[in-house]
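Reviewing the structure listed below.
The values are calculated or read from the model by the stated rules, or taken from the named source; none is laboratory data. The model shown is predicted, which means the values in this text are computed figures rather than measured ones. Cβ atoms come from the backbone with ideal geometry, glycine included; neighbour counts cover every protein chain shown.
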Amino acid sequence: MWISSITVFALIAILIVGCTGNKSKDSSAKEGGTLIVGTFSDIVSVNPIFINDTASGDIEQLVFAKLYDLDRESNLAVESWSIAAELPKVSADNLTYSIKLKKTAKWSDGNPITADDVKFTFDTIRNEDTGAPGISQYDKIESITVKDDYSLDIKLKQIYAPFQFALYSSIIPAHVLKDIPVTSLQESKFGVDPAGTVTSGPWSFSEWKQGQYITLNRNTNYWGKEKPHIDTIIYKIYADQNTEVQALIKGDIQMSEAIPLTQIAAIKGKNNLEVILEPGPQYEYIQFNFKDENFPDNYSPFKGQKTRQAIASAVNRQGMVDNVLKGSGGLMNSPFLPGSWADPGKEAVNYAYDAEKAKALLAEDGWVPGKDGILVKDGHRFSFELQYNAGNSRREQVSAIIQENLKDVGIEVTPKGIDFATWIDQNITPGKFPAILLAWSLNNPDPDGESIFSSKYFPPTGQNGGWYVNESVDELWVKGQQVVDQKERTKIYHQIGKELSIDLPYVFLYQYGLPQAYDSTKLKWNEVDRPESSMGYGYLFHAIKWWLE
């Protein structure tokens, strides 16, 4: 599933200050203590099947065990904390996946995790009435057969090449949720009320004070062979990134999950603080909404392809990379990260900053200057609200650049910062916005993006929140999923990337990494368990093995 970040790319890894202070042997790991992590985004829910944002996903992965996990190279893996006992066995026709579970895995209430839980989870996600954003990974399932308490077979309707990574999924408890109608699951206490949330990971969802903090305590019923060293993890929520950084410098927190690039120098000057800046699986974009009702005048100005191409030409993307990212990112021209096998490279259109070209394209698409200088078409002024999450200093800067760039070509933009959790819940997930500045975190190693670009997956059953329609691209996603040969699949994804770079449901801006900072005198890990920023949720990679001095 693709998660709003709200993603694996080919930048040269930059390690600032490094991790040299954390090469202690595991035998020296200390038990206990409280790790306080700073964040500027509150969660929406930790119910795995409804997560559509990274803030919620960070917490969810600490409190729920996954069926399978990923290793550092993003291969499907069985870890001591995975529910599965071995890698899935796949039939010769690539349609049936046979799965065996560990007999030791159990829920935080002491009940065993069984094949019924796995079946219940996947059946719930693939039910259209549930409204799960990740449905596209599971609606290719034809049937799930429970063979016994700890083994099951999953049969697909058709070959679905990305399916192995759909198994990189948290499981929910059937015995807790089976009697709740699927249409009521999202409004249930599960995932939002710690008392009503049975989990399975190393830590339990213990307390959530909205807008202030989230507390995770050690799961006393944890079943994995490797137990967490840290007793408690507290996520402290700050109003913005700069306040969060100051808390780190003062020692109020031991780790910051995302710091502004402008603050690296200040942190680097402190002897006890280290910063990790590596390639991350994130890319930022401007998303257009094509649904008229999401605009005050019931008119979406983004329906003309030339209009979208004009906006891409009018926005100084390279300037953002140079001045906002300080050169630590790279341009995006399609939804596939440069250097990945799906990347179309030079086949994709690279929109250079060219205001005059933008003006010409807008004129060709029927836009003419109004009395106040703002473009008008069919009686509608070209004015729209650009939403982003409040407190994100990078997006504050980028939205201001977009506002200035588009003003130069006659388009009025009003940037608006909104509380992250509220924004995800009320605007992003239901697709109720004019335009947004956001990012995808590509937590699934497979580049399949059907869920966010196909007209089959409008909200609430999918992630195409801009209501984008392109039938030829819809067909290409399906074609690419049904091809096992990697060379043939690569050709299809190159075609998808090229087509999306022309049609532009988004203006693809840039890829970037999220710098993490931590107190190296207090937070420790072995080098093999260091954060892995090239992966989705990678800054918490192997957190079960970390300890505090």
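Residues that are under 20 Å from the mean Cα position of the chain (by Cα), hydroxyl-bearing (S, T, Y) and farther than 30 Å from F290 by Cα: does segment 516-536 have at least one?
Yes, that holds for at least one residue.
Testing P445 on (1) within 15 Å of the chain's Cα centre (by Cα); (2) in a helix (DSSP H, G or I); (3) surrounded by fewer than 22 Cβ atoms within 10 Å (Cβ to Cβ), one condition comes back false. Which one is that?
So P445 meets the others, but not (2).
Could you check how many residues of segment 433-481 are of a type in the set (S, T, N, Q) and in contact with a Lys or Arg (Cβ under 9 Å, 6 or more places away or on another chain)? First the steps, then the outcome.
We begin by selecting, within segment 433-481, every residue of a type in the set (S, T, N, Q); these are 441, 443-444, 451, 454-455, 461, 463-464, 470, 472, 481.
Now restrict to residues that are in contact with a Lys or Arg (Cβ under 9 Å, 6 or more places away or on another chain): 464, 481.
Selection size over segment 433-481: 2.
Would you please list the contacts, defined by Cβ atoms under 9 Å and residues six or more apart or on different chains, that run from a residue in segment 496-523 that is over 30 Å from G269 (Cβ atoms) and hydroxyl-bearing (S, T, Y) to a residue that is assigned to a strand (DSSP E or B) and at pLDDT 95 or above?
Between residues of segment 496-523 that are over 30 Å from G269 (Cβ atoms) and hydroxyl-bearing (S, T, Y) and residues that are assigned to a strand (DSSP E or B) and at pLDDT 95 or above, the close pairs are S501/F508; Y506/Y285; Y506/I286; Y506/Q287; Y506/F288.
Residues in segment 115-136 that are within 16 Å of V176 (Cβ to Cβ) and touching a Ser or Thr at 6+ places or on another chain (Cβ under 6 Å): how many?
2
Can you name the condition, by its number, that I502 falls short on among (1) under 22 Å from I51 (Cβ atoms); (2) surrounded by fewer than 22 Cβ atoms within 10 Å (Cβ to Cβ); (3) not polar (S, T, N, Q)?
In the conditions (1) under 22 Å from I51 (Cβ atoms); (2) surrounded by fewer than 22 Cβ atoms within 10 Å (Cβ to Cβ); (3) not polar (S, T, N, Q), I502 misses (1) alone.
Return a yes/no flag: does segment 203-225 have any residue that is of a type in the set (A, V, I, L, M, F, W, C), within 23 Å of D252 (Cα to Cα), assigned to a loop (DSSP other than H, G, I, E, B) and modelled with pLDDT of 95 or more.
We begin by selecting, within segment 203-225, every residue of a type in the set (A, V, I, L, M, F, W, C); these are 203, 205, 208, 214, 216, 223.
Retained after the next criterion (residues that are within 23 Å of D252 (Cα to Cα)): 203, 205, 208, 214, 216.
The next check asks that each one be assigned to a loop (DSSP other than H, G, I, E, B); those that pass are none.
Within segment 203-225, none of the residues are of a type in the set (A, V, I, L, M, F, W, C), within 23 Å of D252 (Cα to Cα), assigned to a loop (DSSP other than H, G, I, E, B) and modelled with pLDDT of 95 or more.
For segment 331-358, give me each residue that is in contact with a Gly (Cβ under 7 Å, 6 or more places away or on another chain) and of a type in the set (A, V, I, L, M).
Those that are in contact with a Gly (Cβ under 7 Å, 6 or more places away or on another chain) and of a type in the set (A, V, I, L, M): A342, A348.
If E527 passes every condition in (1) farther than 19 Å from K66 by Cα; (2) at pLDDT 95 or above but one, which one does it miss?
All conditions are met except number (2).
Give just the number: which of (1) within 30 Å of F453 (Cα to Cα); (2) crowded, with 23+ Cβ neighbours inside 10 Å; (3) modelled with pLDDT of 95 or more; (4) not aromatic (F, W, Y) does E293 not satisfy?
The number of the failed condition is (2).
What number of residues in segment 226-239 are outside any loop (DSSP other than H, G, I, E, B) and under 18 Å from R530 (Cβ atoms)? Even if it seems obvious, please write down each step before you answer.
Let us first name the residues in segment 226-239 that are outside any loop (DSSP other than H, G, I, E, B), namely 232-237.
Okay, now just the ones that are also under 18 Å from R530 (Cβ atoms), so 233.
Qualifying residue count for the region: 1.
Which pairs turn up if I take residues in segment 333-349 that are over 17 Å from G280 (Cα atoms) and look for partners that are part of a helix (DSSP H, G or I) and among the aliphatic types (A, V, I, L, M) with beta carbon separation below 6 Å, at least 6 apart in sequence or on another chain?
Correct list of pairs: V349/I502.
Could you list, in sequence order, all residues of segment 146-164 that are farther than 19 Å from D446 by Cα and either among the polar types (S, T, N, Q) or at pLDDT below 95 (or both)? Steps first, please.
The first filter runs over segment 146-164 and keeps only residues farther than 19 Å from D446 by Cα, leaving 146-155, 157.
S151, the sole residue that qualifies.
Just one of (1) at positive phi; (2) buried (at least 23 other Cβ atoms within 10 Å of the Cβ); (3) small (G, A, S) trips up G251, so point out which.
(2)
Need pairs with beta-carbon distance below 8 Å; first residue more than 19 Å from V507 (Cα to Cα) and within segment 358-377, second aromatic (F, W, Y) and surrounded by 13 or more Cβ atoms within 10 Å (Cβ to Cβ); sequence gap 6+ or separate chains.
W367/F382; I374/F382; L375/W367; L375/F382; V376/W367; V376/F382; K377/W367
Are any residues in segment 453-465 more than 23 Å from K346 (Cα to Cα) and at pLDDT 95 or above, and if so, which ones? Don't jump to the end; show me each part of the working.
Initial filter on segment 453-465 (more than 23 Å from K346 (Cα to Cα)): 454-465.
Within segment 453-465, S454, S455, K456, Y457, F458, N464, G465 meet the criteria.
Could you check how many residues of segment 40-68 are at pLDDT 95 or above and part of a strand (DSSP E or B)?
Final tally of qualifying residues: 1.
Give segment 288-302 a look and list any residue that's touching a Phe, Trp or Tyr at 6+ places or on another chain (Cβ under 6 Å) and either among the basic types (K, R) or at positive phi (or both), or say none.
K291
Which one is farthest from S454 (Cα to Cα) among residues in segment 99-145 that are surrounded by fewer than 18 Cβ atoms within 10 Å (Cβ to Cβ) and among the hydroxyl-bearing types (S, T, Y)?
T104
Yes/no per residue for (1) modelled with pLDDT of 95 or more; (2) under 21 Å from the mean Cα position of the chain (by Cα); (3) surrounded by fewer than 19 Cβ atoms within 10 Å (Cβ to Cβ):
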{"residue": "W467", "(1), (2), (3)": "yes, yes, yes"}
{"residue": "Q495", "(1), (2), (3)": "yes, no, yes"}
{"residue": "Y539", "(1), (2), (3)": "no, yes, no"}
{"residue": "W547", "(1), (2), (3)": "yes, no, no"}
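Is it the case that some residue within segment 315-335 is within 23 Å of I264 (Cβ to Cβ), surrounded by fewer than 19 Cβ atoms within 10 Å (Cβ to Cβ), of a type in the set (D, E) and over 23 Å from the mean Cα position of the chain (by Cα)?
The answer is yes; a qualifying residue exists.
Among the residues in segment 142-161, are any of a type in the set (D, E, K, R) and part of a helix (DSSP H, G or I)? Outline the logic, then answer.
Kept after step one, since they are of a type in the set (D, E, K, R), are these residues of segment 142-161: 142, 147-149, 153, 155, 157.
From what's left, part of a helix (DSSP H, G or I): none.
The answer is no, given that none of the residues of segment 142-161 is of a type in the set (D, E, K, R) and part of a helix (DSSP H, G or I).
Which residues, taken from segment 240-277, are part of a helix (DSSP H, G or I), small (G, A, S) and at pLDDT below 95? Lay out the reasoning, then the answer.
Initially, segment 240-277 is screened for residues part of a helix (DSSP H, G or I), giving 241-250, 261-268.
From the residues that got through so far, the ones that are small (G, A, S) too are 247, 265-266.
Residues satisfying the conditions are A265, A266.
Anything in segment 391-424 that is among the charged types (D, E, K, R), buried (at least 18 other Cβ atoms within 10 Å of the Cβ) and out of contact with any helix residue (DSSP H, G or I) (no Cβ under 9 Å at 6 or more places or on another chain)? List them, or say none. Walk me through it before giving the result.
Initially, segment 391-424 is screened for residues among the charged types (D, E, K, R), giving 394-396, 404, 407-408, 412, 416, 419.
Add one more test, that the residue is buried (at least 18 other Cβ atoms within 10 Å of the Cβ), and what stays is 394-396.
The answer is R395, E396.
Which residue, of V78, V8, is in contact with a Leu (Cβ under 7 Å, 6 or more places away or on another chain), under 30 Å from P447 (Cα atoms) and modelled with pLDDT under 85? Reasoning before the result, please.
Numbers: V78 fails: modelled with pLDDT under 85.
V8 is the lone residue from the list that is in contact with a Leu (Cβ under 7 Å, 6 or more places away or on another chain), under 30 Å from P447 (Cα atoms) and modelled with pLDDT under 85.
Please work out if D179 is more than 30 Å from G32 (Cβ to Cβ), assigned to a loop (DSSP other than H, G, I, E, B) and either charged (D, E, K, R) or in contact with a His (Cβ under 9 Å, 6 or more places away or on another chain) (or both).
Values: more than 30 Å from G32 (Cβ to Cβ): yes; assigned to a loop (DSSP other than H, G, I, E, B): yes; either charged (D, E, K, R) or in contact with a His (Cβ under 9 Å, 6 or more places away or on another chain) (or both): yes.
Here the answer is yes, as D179 does meet what is asked.
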